[in-house]
Amino acid sequence: MLLHDGVTPEQRTTFELLLSRRMARIPLQHLLGSTTFRHLALAVGPGVFVPRPETELVAEAGITELMGYPADQRIAVDLCAGSAALALALATEVPGAQVTAVEIDPTAADWARQNIEVLRPEIDDQGSDVTLVIGDARSIADSGAPLADLAGRVDVVVTNPPYIPEDATPTEPEVRDHEPSIALFGGSDGLDVVRDLLGTAARLLRPGGLIVIEHADRQGEAAGEAGVPWLLREGEDALNWEQVGDHLDLSRRPRFTTARRTAGSAG
């Protein structure tokens, strides 16, 4: 680029500044102000988690499930929404999807709101809708809470929650120094938020409804009691779940778990 005749001195200065910031391990997505997720271009920056390619498979599982319902009965909730990547993927790829995105952090919610506004034409083209709710995903469906009216009506819950153990330090500077800790750390074993989200999902989902929950590659089937599949089969909320299955990402590593809501009482 720098040898190209059309590069002006101002452009060269801008390029060199970007290069120096990237060498300092500032995330490329922060420098560009955007990232891609499936077919979407999403605004991201300081204060919001940058969605990863692995999470696209979580979206795909939710999309596939929603497409199995009539267009007037496609209700989904994205818990711990961050930039609203999952919510927007569902709303722009599934005609008639009515999606609620839940995010507790105001800064992340600002990014989600921006993305929803920019992508509103694509959402409208599908006859879909995305509603952003600022609140705690662990209690958002409790009696009197903002999503209480959705209890027992939701077809799909998708979530990419915080799941890193609090004493683990990410090795990549882009993650360690620039991702918001609220989006990363999930208690001593990384699963504190996950445990609480299972209760929320159980209240929201109709019988037979699907949860799709991302986890670390060390929290899959082989992890036993330290894994998400075990929580759904044997944990405190196990009576709420059936057809539990763990799934691999494109690198063939355990990445997300799905389960269906039983007809029993919510936990």
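One residue stands out among those in segment 200-222 that are more than 17 Å from the chain's Cα centre (by Cα) and surrounded by fewer than 19 Cβ atoms within 10 Å (Cβ to Cβ): the one that is farthest from residue 90 (Cα to Cα), which is 222. Within the option set 56, 10, 16, being surrounded by 13 or more Cβ atoms within 10 Å (Cβ to Cβ) and either in a helix (DSSP H, G or I) or assigned by TED's automatic domain parsing to the domain that holds residue 256 (or both) holds for one residue only, 56.
Residues that are within 27 Å of residue 216 (Cβ to Cβ) number at least 3 in the following helices (runs of 4 or more DSSP H) confined to segment 60-162: 85-93, 106-118.
A single member of 70, 95 is farther than 24 Å from residue 214 by Cβ and in contact with a Lys or Arg (Cβ under 9 Å, 6 or more places away or on another chain), and it is 95.
The single condition among (1) in contact with a helix residue (DSSP H, G or I) (Cβ under 9 Å, 6 or more places away or on another chain); (2) under 24 Å from residue 149 (Cα atoms) that residue 68 does not meet is (1). Within the bounds of segment 34-45, is there any residue that is touching a residue at least 40 places away in the same chain (Cβ under 8 Å), crowded, with 22+ Cβ neighbours inside 10 Å and in a loop (DSSP other than H, G, I, E, B)? Yes, the conditions are met somewhere in segment 34-45. Considered as a group, the residues in segment 147-169 that are in contact with a strand residue (DSSP E or B) (Cβ under 7 Å, 6 or more places away or on another chain) and surrounded by fewer than 17 Cβ atoms within 10 Å (Cβ to Cβ) include one that is nearest to residue 21 (Cα to Cα), and that residue is 166. Just one of the listed residues (128, 181) is over 14 Å from the mean Cα position of the chain (by Cα), among the hydroxyl-bearing types (Ser, Thr, Tyr), surrounded by 15 or more Cβ atoms within 10 Å (Cβ to Cβ) and assigned by TED's automatic domain parsing to the domain that holds residue 214, and it is 128. Here is a check on your reading of the model: is residue 97 surrounded by 14 or more Cβ atoms within 10 Å (Cβ to Cβ) and aliphatic (A, V, I, L, M)? Yes; evaluated as a whole, the condition is true for this residue.
Has segment 114-124 got any residue that is among the charged types (D, E, K, R), crowded, with 17+ Cβ neighbours inside 10 Å, modelled with pLDDT of 95 or more and farther than 26 Å from residue 185 by Cβ? No.
The values are calculated or read from the model by the stated rules, or taken from the named source; none is laboratory data. Note that the structure is predicted; figures quoted are calculated from it, not measured. Cβ atoms come from the backbone with ideal geometry, glycine included; neighbour counts cover every protein chain shown.
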